[in-house]
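The values are calculated or read from the model by the stated rules, or taken from the named source; none is laboratory data. These figures come from a predicted structure and were not determined experimentally. Every residue, glycine as well, gets a Cβ built from its backbone with ideal geometry; the counts of neighbours run over all protein chains shown. Side chains are part of the model used for accessible areas, which takes the heavy atoms of the whole protein and leaves out ligands, DNA and RNA. Shrake-Rupley method; radii C 1.70, N 1.55, O 1.52, S 1.80 Å.
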Amino acid sequence: MSRYRTFTAADAVEYARQHGQLAEPQELVSADEIGDGNLNLVFKVRDRAGVSRVIVKQALPYVRCVGESWPLTLDRARIEAETLLVHGALCPRHTVQVLHHDSELAVMVQEDLSDHHIWRSELVKGRYYPLAAGQLAEYLAKTLFHTSDFYQAAQEKKAEVSRFANPELCQITEDLFFTDPYIDHERNHFDEALLPQVRELRTDAALKLAVAELKHHFLSKAEALLHGDIHSGSIFVAEGKLKAIDAEFGFYGPIGFDIGTALGNLLLNYCGLPGLVGLREAAAGREQRLQDIRELWLIFADRFLMLCHQHTRDAALAVPGYAEQFLQHVWQDAVGYAGTELVRRTIGLAHVADLEGISDPEMRAECQRSALSLGRMLIVNAAQIEHIDALLVRIRQQG
Ligand code: SR1
Ligand code: MG
């Protein structure tokens, strides 16, 4: 019989006392459930002084934001903890520390990051973290290179692909990114004002063809152990610091998917800024986002290539020029995936505060329309947007 039970705040305190690796565990006395994501319970466990000391995170047997009508595997808690442990060993500076996990209880104890803020919330408030894009690039380059065929031995990698098979969570992405937004599906929701543009997307043959290819790559390219959901809400930042969290969508997939998700979320903020901070302030913020995007790609490409040149173990993949050729495919995938993130976050199931947080309905609709047009443009033209500066030119042209 499974030991699984849904934790109460008192359970979280007791569990953190046992597994939080604190010198004085009895000091832990209370917990608040603070989960505001789509899937899990998250408890902040506090000491007698009210200071949050560790986080206890537990998967529910269903999708939290929808309810018990959508059951979901508890194995995602194991995948999340094991992905974070692999990534943490490769890039400890930018991965949240897992202190303990238990697959049967679907629970994980992780370091408290109360001195950090969720990057999306900061971006929505117009707060700038100049090092964040570069740090995210470093996290992506280290984790993706070392779990790719450039570095991992072929047999070891195949075993890892199987350990991180994540069919149910992958199916969420397969449906929510690549299918639902392009058909009339009950999981979609959007402002009525967007209906004409949504109808156009559903009958846009060129767009659907390009989305089909992106979905096919997502289904079949086991290039590296991805985070799988690296949007700005899965990233904590503080001055000079950045930590990735929430890796339950981890699996071996196309490297461009992680890069594209990260770029797409910066672009969602770019599209929403005029409605979030007002037209005058938005110009500077939008310029910062474009610089973030540029840095994210250039630093990722630089670090990834450097790792390929210095540490590729496979003799055939080490042939001069192959790493550069591979990276060009990653770039093209990333541009397309960034486009799908813009579209699905605007009209699909799971929206983001960068657009939803705009209070004026007309302004919100205008920003959402610009996210949809930009998303479509990126998906359809990915193969022609050959480098980062060409991307920035296209984004500026869209207005
Ligand atoms: C049903 S889960 C909806 C979304 O939330 C997660 O954070 C992922 O982005 C997923 O697509
Ligand atoms: Mg998440």
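Within the range 22-50, being surrounded by 13 or more Cβ atoms within 10 Å (Cβ to Cβ), more than 26 Å from the chain's Cα centre (by Cα) and not in a helix (DSSP H, G or I) holds for Leu22, Leu28, Val29, Ser30, Ala31, Arg46, Asp47.
Number of residues in the range 351-379 that are among the polar types (S, T, N, Q) and not in a helix (DSSP H, G or I): the value is 1. Just for the range 324-349: of the residues that are open to solvent by less than 10 Å² (accessible area, probe 1.4 Å) and of a type in the set (A, V, I, L, M), which one is farthest from Leu263 (Cα to Cα)? Ranking the qualifying residues of the range 324-349, first place goes to Ile347. For the range 51-61, a residue qualifies if it is within 21 Å of the chain's Cα centre (by Cα) and within 14 Å of ligand 1 (Cβ to nearest atom), and the qualifying residues are Lys57, Ala59, Leu60. Scanning the range 263-296 for residues that are out of contact with any helix residue (DSSP H, G or I) (no Cβ under 8 Å at 6 or more places or on another chain) and of a type in the set (Gly, Ala, Ser) turns up Gly278, Ala283, Ala284. Gly278 satisfies every condition listed in (1) at pLDDT 95 or above; (2) more than 16 Å from ligand 1 (Cβ to nearest atom) except (1). Based on this model, can you work out whether Phe177 counts as aromatic (Phe, Trp, Tyr), within 16 Å of ligand 2 (Cβ to nearest atom) and either part of a helix (DSSP H, G or I) or modelled with pLDDT of 95 or more (or both)? So Phe177 fits the description; yes.
Only a single criterion out of (1) under 22 Å from Gly37 (Cα atoms); (2) open to solvent by 10 Å² or more (accessible area, probe 1.4 Å); (3) touching a Gly at 6+ places or on another chain (Cβ under 6 Å) is not satisfied by Met363, namely (1). When restricted to residues that are in a helix (DSSP H, G or I) and either surrounded by fewer than 23 Cβ atoms within 10 Å (Cβ to Cβ) or more than 17 Å from the chain's Cα centre (by Cα) (or both), the range 142-160 contains 10. Here Pro92, Pro61 are screened, and the one residue that is away from ligand 2 (no atom under 16 Å from the Cβ), closer than 23 Å to Phe300 by Cα and open to solvent by 10 Å² or more (accessible area, probe 1.4 Å) is Pro92.
Tell me whether the range 191-198 contains one or more residues that are away from ligand 1 (no atom under 16 Å from the Cβ), small (Gly, Ala, Ser), in contact (Cβ under 8 Å) with a residue 60 or more places away in the chain and open to solvent by less than 10 Å² (accessible area, probe 1.4 Å). No: the range 191-198 contains no residue that is away from ligand 1 (no atom under 16 Å from the Cβ), small (Gly, Ala, Ser), in contact (Cβ under 8 Å) with a residue 60 or more places away in the chain and open to solvent by less than 10 Å² (accessible area, probe 1.4 Å). Among the numbered criteria (1) open to solvent by less than 10 Å² (accessible area, probe 1.4 Å); (2) away from ligand 2 (no atom under 16 Å from the Cβ), which one does Ile183 miss? Tallying (1) open to solvent by less than 10 Å² (accessible area, probe 1.4 Å); (2) away from ligand 2 (no atom under 16 Å from the Cβ), Ile183 fails exactly one: (1). Is it fair to say Arg163 is within 22 Å of Arg364 (Cα to Cα) and open to solvent by 10 Å² or more (accessible area, probe 1.4 Å)? So Arg163 does not fit the description; no.
Looking only at the range 135-142, decide whether some residue is hydroxyl-bearing (Ser, Thr, Tyr) and closer than 24 Å to Arg303 by Cβ. Yes, the range 135-142 contains a residue that is hydroxyl-bearing (Ser, Thr, Tyr) and closer than 24 Å to Arg303 by Cβ. Only residues that are polar (S, T, N, Q) and buried (at least 24 other Cβ atoms within 10 Å of the Cβ) were counted across the range 273-291, and they come to 0.
Restricting to the range 1-45, name every residue that is over 25 Å from Ser234 (Cβ atoms) and touching an Asp or Glu at 6+ places or on another chain (Cβ under 8 Å). If the condition is that a residue be over 25 Å from Ser234 (Cβ atoms) and touching an Asp or Glu at 6+ places or on another chain (Cβ under 8 Å), then Ser2, Arg3, Arg5, Glu27, Leu28, Val29 are the ones that fit. The numbered conditions (1) small (Gly, Ala, Ser); (2) open to solvent by less than 60 Å² (accessible area, probe 1.4 Å); (3) in a helix (DSSP H, G or I) are all true for Gly126 except (3). Checking the range 148-155 against the condition returns no match, with no residue being within 16 Å of ligand 2 (Cβ to nearest atom) and closer than 22 Å to Leu298 by Cβ.
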